[in-house]
Amino acid sequence: MLATSRTFEANARAGLANPTLQRALGMMRSGFPERRRVAVERLPEFEALRDIGKSIKDHTLEHLDFYLELFEENVLSSGGQVHWARTPEEARAAVLQICRSVDAKIVTKGKSMIAEEVGLNEYLEQNGIAPVETDLGEYIIQLRHEPPSHLIAPAIHLMKEQVADTFRAEHRSLDPGRSLVEARQLCDEARAVLRPRFLTADVGITGANFLVAETGSSIIVTNEGNGDLTQTLPRVHIVMTSLEKLVPTLEDATTLLRLLARSATGQEFSSYTTVSTGPRRPGDLDGPEQYHVVLLDNGRSALLGGEFQDMLRCIRCAACMNHCPVYAAVGGHAYGWVYSGPMGAVLTPSLLGLAEAGHLPNASTFCGQCESVCPVKIPLPKMMRHWRERQFAEKLNPPVYRSGLSLWAWAARRPALYHALVELASRVLGWLGSGRGRFRTLPLANGWTAVRDLPAPEGRSFQSLWAERQKSGVKH
Amino acid sequence: MRVALFVTCLVALFRPTIGFAAVKLLENEGCTVEVPRAQTCCGQPAYNSGDRATAKAIALQVLEAFEDYDYVVAPSGSCAGMIRVHYPELFADDPGVSTRVQQLAKRSWELVSFLVDICGMQAVSARWERHATYHDACSGLRELGIKDQPRRLLASVDGLRLKELPGAETCCGFGGTFCVKYPDISDKMVSDKAADIVATGYQSVLAGDLGCLLNIAGKLQRLGGRVQVRHVAEVLAGMTDEAPPIGAPR
């Protein structure tokens with residue numbers, strides 16, 4: 001997928017000017033956070049669970065080499081295979097090779113952000129294989145040739161009327177006069193269209209919410225059951241995943257599962273939680289003949305031991321974006337790549353570089369909502385600040401911003417001069433603004449006054465008034 | 001006890017009334033208030049712009065000016081949070097300064113939480129005939145856990161009726177330099193905040209951070225509304241007659 005994070009400002013303006021998107025975001029803003037709040041309130045030990053979840057992930061990351069090898073060993077011993085992929089190219093090639101080995105024509109896909117990250121669909125299409133997304137949201141955006149705009153609700157930027165239009169345009173063999181007004185009708189239609197694809201697919205590709213080292217298992221959660229049909233019906237199951245999904249034990253996974261659904265959708269548990277271990281064994285009633293895990297690095301191992309290691313705790317619940325006022329204003333597409341919101345603002349620069357994604361860690365007020373709801377306590381604002389520090393060190397900020405900052409810093413380190421300047425500014429601006437009490441425009445303050453008035457200073461600085469009070473000896 | 005007032009750069013320039021309100025409240029609690037001359041800013045603009053060296057230089061300036069007092073109090077959760085939470089992070093790998101900074105951090109407080117949690121203040125003697133709502137500024141709320149303290153004291157203000165603001169904990173879109181770096185996004189956020197405030201139907205909105213207040217007042221005024229904006233300290237100190245609301249004509 002081609003990144004457009006570089007044009008974040010223009011993307012954001014487009015999002016702000018899109019009334020349908022704004023309506024959809026308005027619904028999200030009132031929906032997810034409230035459901036999470038209720039779910040968390042019902043679980044008194046939720047805060048304690050966050051600490052446990054964090055320590056499970058921290059422990060795994062500290063010993064990632066050990067658990068990765070243990071995981072591979074257990075996948076192999078249950079009859080599956082692990083394909084190590086350093087880069088998106090290697091991951092795509094591994095998937096293609098598996099698909100070719102069974103002469104696959106149709107591939108069904110459960111939701112996988114790693115597949116999005118490596119641009120798998122385009123690649124398979126270019127190689128004559130038809131990928132079919134089976135998660136309803138992913139299916140919708142696949143039909144519309146759009147990237148996902150949210151981690152767990154990829155089509156959240158759309159209203160149901162737009163989905164109805166898309167279905168009419170794409171499902172041409174169906175009765176043009178059919179009713180597609182209710183969400184239920186849209187679901188039924190997608191189900192009817194997808195059902196035969198499930199049955200004819202040669203390969204099923206899913207993501208993984210967790211990988212379990214002690215058993216060599218992959219775990220997925222869905223609310224639609226599409227993941228189960230994707231991974232059990234075809235002859236071959238490929239798990240597209242990345243290193244940091246690993247946890248040591250099944251018990252660790254269940255701890256994190258208790259955090260995941262509550263943080264994501266406010267459910268206690270997702271409707272379907274499915275553990276896959278290896279291919280079908282003799283005597284099993286169902287399951288694939290082959291079980292492959294494509295394990296992507298793509299820069300993640302380079303984050304280990306550095307200031308961004310904490311980001312690898314992320315369990316992709318989307319709580320950070322659900323609670324982010326910037327995400328709620330501009331929507332996920334503004335971020336210009338696969339990951340959006342606060343987690344995207346930290347992760348995208350590490351995967352694409354600061355030159356491409358430099359805006360993302362800057363487009364935050366550091367309000368701290370994201371960190372306060374993160375189920376594994378990732379200090380997202382702190383890491384966005386780390387990106388800003390790198391940006392500053394590499395002189396990537398606009399020159400006018402840098403010189404403004406250094407001028408201010410120069411004055412701020414000279415208190416006597418600074419107080420004189422503040423007193424001067426108070427007097428001049430206070431006098432100029434004394435009539436209205438505020439400015440509608442002000443030279444050099446256009447970034448402020450373009451969208452809001454600037455309240456005028458009272459007319460004297462605190463320090464000079466204080467000095468006068470000290471001299472006169474009068475108490476307030 | 002000897003309390004050093006950290007005035008904050010915005011209060012010093014825009015609204016000294018807040019500083020004097022803080023002094024009055026602290027002196028009423030028996031504090032000896034001093035205002036160290038060598039203060040300018042807490043360094044947050046540099047820190048959040050990724051300029052760690054400048055942030056450290058300014059932090060050292062603050063450390064030297066303030067470390068000899070019993071307490072440091074700022075009428076801002078954002079600046080107090082900078083000293084309390086972020087200074088120790090800045091000097092974590094600097095053993096020479098780290099201990100001193102941690103000592104300073106422990107003794108640095110946001111004004112209202114200091115009054116309630118350290119001075120044990122239960123009520124104020126102030127009168128303000130108003131219907132008002134309250135916005136929880138982000139740093140105070142999430143870095144310092146300030147939520148009940150201002151509400152508790154405001155409840156004791158004679159004549160004041162306080163109504164909860166829906167979305168009170170949602171950022172107003174100020175964010176320091178964010179509001180001028182991304183004015184379109186900031187505008188959307190502060191417009192939503194202004195709409196929530198207007199929807200309460202109340203006459204006034206209060207908060208504990210002047211950055212947010214300038215942003216909210218500026219937006220409300222651009223929209224032509226009549227909601228008045230004040231810092232919580234002005235109300236608690238009974239100083240609402242001494243200055244017009246933020247951005248209102250004198």
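In whole angstrom, note down how far apart the Cα centers of the stretch A:198-246 and the stretch B:1-28 are.
First find each Cα centre; the distance between them is then 60 Å.
Expressed as a whole percent, how much of the Cα-Cα distance distribution for the stretch A:388-473 exceeds 15 Å?
71
How big is the stretch A:299-340 by the Kirkwood estimate over distinct Cα pairs, in Å?
11.8
Shape call for the stretch B:106-163 from the C-alpha gyration tensor, a ≥ b ≥ c root eigenvalues: rounded (a/c under 1.5), prolate (a/b greater than b/c) or oblate?
Since a/c reaches 1.5 but b/c is at least a/b, the shape of the stretch B:106-163 is classed as oblate.
Along the Cα-to-C-beta direction of residue A:302, a point sits 7 Å from the Cα; which residues of the stretch A:320-357 have their amide N less than 16 Å from that point?
A:346-357, by backbone N distance to the label point.
Between residue A:471 and residue A:271, how many nm apart are label points set 7 Å from Cα along the C-beta direction?
Between residue A:471 and residue A:271, the label points sit 7.6 nm apart.
On a C-alpha basis, how far is the centre of the stretch A:340-401 from the centre of the stretch A:1-79 in Å? Whole number, if you could?
Cα centres, the stretch A:340-401 to the stretch A:1-79: 16 Å.
How long, wide and thick is the stretch A:175-276, going by the Cα atoms along their three principal axes, in whole angstroms, largest first?
Here the Cα extents, ordered largest to smallest, are 53, 34, 17 Å.
Two-decimal Rg/Rh of the stretch B:123-236 from alpha-carbon positions, Kirkwood Rh?
Ratio of gyration radius to Kirkwood radius: 0.96.
What cysteines in chain A have no other cysteine with a beta carbon less than 4.7 Å from their beta carbon?
A:99, A:187, A:314, A:317, A:324, A:374, each lacking another Cys Cβ under 4.7 Å.
With a Cα-only, solvent-free Debye model of the protein assembly as shown, what are the log10 I(q)/I(0) values at q = 0.06 Å⁻¹?
Debye curve over Cα of the protein assembly as shown, log10 I(q)/I(0) at q = 0.06 Å⁻¹: -0.40.
Give the Kirkwood hydrodynamic radius (Å, one decimal) of the stretch A:11-128, defined as one over the mean of 1/r across all pairs of different Cα atoms.
One over the average 1/r among Cα pairs gives 19.1 Å for the stretch A:11-128.
If the reach is capped at under 20 angstrom between alpha carbons, list the lysines near residue A:395, excluding any in the same chain fewer than eight residues apart.
A:382, B:56, B:181
Taking a quarter of the surface of the convex hull around the Cα atoms of the stretch B:2-117, what do you get in nm²?
Over every viewing direction, the Cα hull of the stretch B:2-117 projects on average to 6.6 nm².
Taking beta carbons within 10 Å but only from partner chains, what does the mean come to for residues A:381-391?
3
What does the structure give for A:320-329 when I average, per residue, the other chain Cβ atoms found within 10 Å of the residue Cβ?
Other-chain Cβ atoms within 10 Å of each residue's Cβ, averaged: 4.
Using the Cα gyration tensor of chain B, with a ≥ b ≥ c the square roots of its eigenvalues, what is the shape: rounded (a/c below 1.5), prolate (a/b larger than b/c) or oblate (neither)?
Oblate.
Residue by residue through the stretch B:98-108, what is 3J(HN,Hα) from phi via Karplus (6.51 cos²θ - 1.76 cosθ + 1.60, θ = phi - 60°)? Round to whole Hz and write x for glycine and proline.
3, 5, 4, 5, 5, 4, 4, 4, 4, 9, 9
Over the whole of B:100-107, what's the average partner chain Cβ count within 10 Å per residue? Rounded to a whole number, please.
For peptide B:100-107, the averaged partner shielding equals 0.
If packing is taken as the average count of other Cβ atoms within 10 Å, what order do A:274-283, A:209-218 fall into, highest mean first?
A:209-218, A:274-283
If the reach is capped at under 17 angstrom between alpha carbons, list the lysines near residue B:188, excluding any in the same chain fewer than eight residues apart.
Straight-distance partners of residue B:188: B:219.
Taken together, the values in this text are just the output of simple stated rules run on the coordinates, not laboratory data. As the structure is a computational prediction, the values presented were derived from the model and not from experiment. As a convention, Cβ positions derive from the backbone with ideal geometry for all residues, glycine included, and neighbour counts pool all protein chains shown.
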